[in-house]
Every structure is written in structure tokens, then in C-alpha cells.
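Colleague: Quick one: the structure is below, and I'll ask about it shortly.
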Amino acid sequence: MDSPPSTGRLTGAQREELIEQVKQQVAIATAQELLTKISEKCFKKCIAKPSSSLDSSEQKCIAMCMDRYMDSWNLVSKAYSSRIQKESMR
Amino acid sequence: MFGFGSKSTPEPAPAPDYSVELDSGPSNAHSISSSNFMESSSSASEDAELQRILMREQQRAQFQQQINKFNDICWETCIDKPTSKMDNKTETCIVNCVNRFIDLNLLCAQRFAQILQQNGGF
């Protein structure tokens, strides 16, 4: 019978580092994607007629838009978690 | 490696090589010295542990992906103009949106399977 492959070359510290790196990369990718989405959405909602600069009402709209998008994100996260829990208890 | 499945996901920075050298044969053969022996016997269970941890991180990443997708859709559906705070109506809309979207996915998957069956596949 084949014994499971051994990663004997990784020390404990290296494993820790690997796990940290993975976590970091996931966090970075998630943040990047979120930022891309926010920029897209808020441009659509706030910049009706692009002019030669962002005026104060546009800037205000963008700030609100970002906050609302994050609020929404948190809400979705909760709703999704609840739903998953519900489904798993069926 | 995580199979995000979404083309909009930016490519993560060069991933460390998770497929580390599979070194079972030689290290077992040399496991006469006590340090090698300790390493190769504890490695197997550490590997399983590592696998478990990486799997968990992958699942976490997929979870985040899903939330991004839902938020994208439900934002469009529920919010017309950004306001200074979330009102109840909007919050309800978003929660409903997530659940109805999931219901829809389930329904479509079921029906799609039926359609494929009826048509004898592609």
C-alpha cells in the first residue's frame, strides 16, 4: 500500500508561513475585487455626465455610495450565512 | 489554484508552490537517524492538517466570491440612488434578493437537469 506522500521538507515555521501567505493572498484578491466593483457601481450611480472634474455633489455621492455598498456587503454576508445554515439543517 | 470561477477575479500574486516535493521514498529509506524518522512520521499527519487548513481557506475564498456576486446583483436590484443610510425597505430588499436568487439558482439547476434529460443531453 502506498504511504501518503511526505512533505518532510517543510518545517513547522515554513508551514505557518505558507498558511499565512495563502490567507494574505485571499484577502488581497477579495479586497481588489471589491474595490473594482465599488468603483464601477459608484461611477454608474454618481457620475451621470462626466465633466472636467468631480464636483462636490459627485464626491459626496461617491462617499455615500461606497458606504452603502459596504453596508450592503455586510447584509448579504449575514443573509448568505443564515441561508447556508438553514439549508444545512434540512 | 482556488478555482474562483469568475473571470473578474484578479490573478493573485505568484502563488507559492503548494505541490511541494513529494519525498516519500528516499526519506523513509534514510529514516535510520532519529531526526529523519521523526520528520517523516509526523509529516504525514502534518500534511493532512495542512491540506485541511488550505481547503478551509479555499472554502473561505469561495464564500467571499459568492458574497461579491450576490452583492453585485442585489445592489443593482435594490438601490437606486445612494443615500446617507440604509433604510428598512432597502435592507429587506437585499435580504430577500439573496434568498430569491439562491431559490432561483436551485430551481434553474433542477429544471435544467430535466431539460437535458428530455433532450437526451447535448
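All of the numbers you see were taken from the coordinates with simple rules; none came from a lab. These numbers were taken from a predicted model, which means no experiment stands behind them. Cβ placement follows ideal geometry from the backbone for every residue including glycine, while neighbour counts extend to all protein chains displayed.
Colleague: Where does chain A land at 222 nm, in deg cm²/dmol rounded to the nearest 500, when only DSSP H runs of n ≥ 4 count, each adding -39500 (n - 2.57), divided by all residues?
Modeller: Computed ellipticity for chain A at 222 nm equals -27500 deg cm²/dmol.
Colleague: Could you state the angle between the C-alpha long axis of helix A:56-88 and the longest principal axis of the C-alpha atoms of chain A, as a value from 0 to 90 degrees rounded to the nearest 10?
Modeller: Taking the Cα atoms of chain A, the angle to A:56-88 is about 40 degrees.
Colleague: Going by how many other Cβ atoms sit within 10 Å of their own, how do A:CYS42, B:CYS93 line up, fewest first?
Modeller: Fewest-to-most ranking of A:CYS42, B:CYS93: B:CYS93, A:CYS42.
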